Amino acid sequence: MGEKITRRSFIKAGAATGLGAAVTGRAASAGPIMVAPGSVKPVVIASANGNKYKNGGPRTAVEEAFERIVKGEDALDAVIAGVNICELDPEDTSVGYGGLPNADGVVQLDSCCMHGPKKRAGGVAALEGVRTPSLVAKAVMEQTDHHLLVGAGAQEFARQMGSEIEADLNTDLSRAKWLEWRRRIDPGHWLDPAKRSHAGEAASQQMVAEGLLDSESRLGTINCDGVGPTGAVCGVTTTSGLAFKIPGRVGDSPILGAGLWLDGEVGVAGSTGRGEANLYGLCSHVIVEQMRQGRGPKDAAMEALRRVKGNTVEKRLLSPDGRPAFGLSFYVISRSGEYAGVTMWGKENGREKRFSVCTENGPELLTCDSLLGDSPAA
């Protein structure tokens, strides 16, 4: 099932939740989490970067979220605290501060979140100047009657909520990658209506092939979902979006039903990868509805991928053998705590697709189940 990255130990704690409070490896004595009869074993799942970046701290995103959940914190607060680690880490160029910018060199961020028990949601898109768009999405959920704020309106709302607005979220690393990309593209940077080709996309792919750009960072995003011991289902998705996108482009990440969807009585699903393919089918909604009908997380997500495959007909999006030439992954948890990570292709640019998970056994990177095998035909 994949490579174990590290293992945390846990001890028994108070009776309020019937769970032990998580402790780090510094604990002198350790034992497994004790789950009270009838409760749910908590779990946190995320894209692979959820168990990679620490922003100089002691824990990755899934570790942070899981530790908070088992201590009794609200599940949404916990998963957002987890993704904040990635949003604030300048080394993660797929989200937040230092996320890869748009075609004009401006970092525009998207996020949405959902709270199962409260049946609330909020999101922001094309947000500039705020390192943690997930917190702004949560404020939209809590402070307004709306689900989605965009652009200048989202930024002004963030300012009103007390967020610091910065002039530029680029780091030296993200700006250097953008400058290299600019040197390689045609000035127009638009799809040719006749040929439906894209010089900017070709330049990005070439930079990936040369090792100048990480394939996962190019598509951005962290999705992080959790189920607490009482069965509370919550999730968040946050991203800097497609690297070097047309300014104003919004992908699937902040769109409810696409980048994230949950039903508190069923489960939660989120995504990373080609947002436009996901948007066409609102696949996270499809996955949750499939689980409602009795399918497990893996089978439900595979059904969504099959629908994406069937909807992909443009030649520019197909490999020579006629199958989708792009990546798309889903991360799914049922309310009972079953989970799965699935992906269109098992490998992208030679690297195995993996996902993060944290349970009472500690944080892990596991191999995604793939619909189409290792990698698209060259």
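The values are calculated or read from the model by the stated rules, or taken from the named source; none is laboratory data. Fair warning: this is a prediction, and the values are worked out from it, not measured in the lab. All Cβ positions, even for glycine, are placed from backbone atoms using ideal geometry, and neighbour counts span all protein chains on display.
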(message) Among (1) among the polar types (S, T, N, Q); (2) under 19 Å from VAL44 (Cα atoms); (3) out of contact with any Gly (no Cβ under 9 Å at 6 or more places or on another chain), there is one condition GLN293 misses while meeting the rest; what is its number?
(response) (2)
(request) For residues that are in a strand (DSSP E or B), of a type outside the set (A, V, I, L, M, F, W, C) and under 15 Å from the mean Cα position of the chain (by Cα), tally how many sit in the stretch 342-378. (result) 3
(message) If I ask for residues that are β-branched (Val, Ile, Thr) and assigned to a strand (DSSP E or B), which ones from the stretch 283-337 would you list?
(response) VAL332, ILE333
(request) Among residues belonging to the stretch 77-108 that are aliphatic (A, V, I, L, M) and under 14 Å from the mean Cα position of the chain (by Cα), point out the one that is nearest to ALA137 (Cα to Cα). (result) ILE80
(request) Could you check, for the stretch 90-107, whether at least one of its residues is under 22 Å from SER284 (Cβ atoms), in contact with a Lys or Arg (Cβ under 9 Å, 6 or more places away or on another chain) and among the aliphatic types (A, V, I, L, M)? (result) no
(message) If the requirement is being within 27 Å of LYS52 (Cβ to Cβ) and free of Cβ contacts under 8 Å to residues at least 24 places away in the same chain, which of these qualifies: ALA125, ALA137, ALA81?
(response) ALA81
(request) Consider only pairs whose beta carbons are under 7 Å apart and that are at least six residues apart or on different chains; among these, list those whose first residue lies in the stretch 254-277 and is touching a residue at least 60 places away in the same chain (Cβ under 8 Å) and part of a strand (DSSP E or B) and whose second residue is surrounded by 24 or more Cβ atoms within 10 Å (Cβ to Cβ) and among the charged types (D, E, K, R). (result) VAL268/ASP225; GLY270/ASP225; SER271/ASP252
(request) Within the stretch 331-349, track down each residue that is in contact with a helix residue (DSSP H, G or I) (Cβ under 7 Å, 6 or more places away or on another chain), crowded, with 19+ Cβ neighbours inside 10 Å and farther than 10 Å from PRO297 by Cα. (result) MET344, GLU348
(message) Take LEU135 and tell me if it is buried (at least 21 other Cβ atoms within 10 Å of the Cβ), among the aliphatic types (A, V, I, L, M) and closer than 20 Å to GLY162 by Cα.
(response) yes
(message) Can you tell me which residue is farthest from ALA277 (Cα to Cα) among those in the stretch 308-351 that are of a type in the set (A, V, I, L, M) and touching a Cys at 6+ places or on another chain (Cβ under 9 Å)?
(response) ALA340
(message) Looking at the stretch 138-156 only, could you name the residues that are buried (at least 24 other Cβ atoms within 10 Å of the Cβ) and under 15 Å from VAL79 (Cβ atoms)?
(response) LYS138
(message) Can you find a residue that is modelled with pLDDT of 95 or more, assigned to a helix (DSSP H, G or I) and surrounded by fewer than 18 Cβ atoms within 10 Å (Cβ to Cβ) anywhere in the stretch 157-166?
(response) yes
(request) Identify the residue in the stretch 69-88 that is surrounded by fewer than 24 Cβ atoms within 10 Å (Cβ to Cβ) and not hydrophobic (A, V, I, L, M, F, W, C) and, among all such residues, is nearest to LYS245 (Cα to Cα). (result) ASN84
(request) Scan the stretch 227-241 for residues that are closer than 16 Å to VAL288 by Cβ and surrounded by fewer than 24 Cβ atoms within 10 Å (Cβ to Cβ) and report the count. (result) 2
(request) Give LEU262, LEU219, LEU213 a once-over and let me know the one that is of a type outside the set (Lys, Arg), buried (at least 18 other Cβ atoms within 10 Å of the Cβ) and at pLDDT 95 or above. (result) LEU262
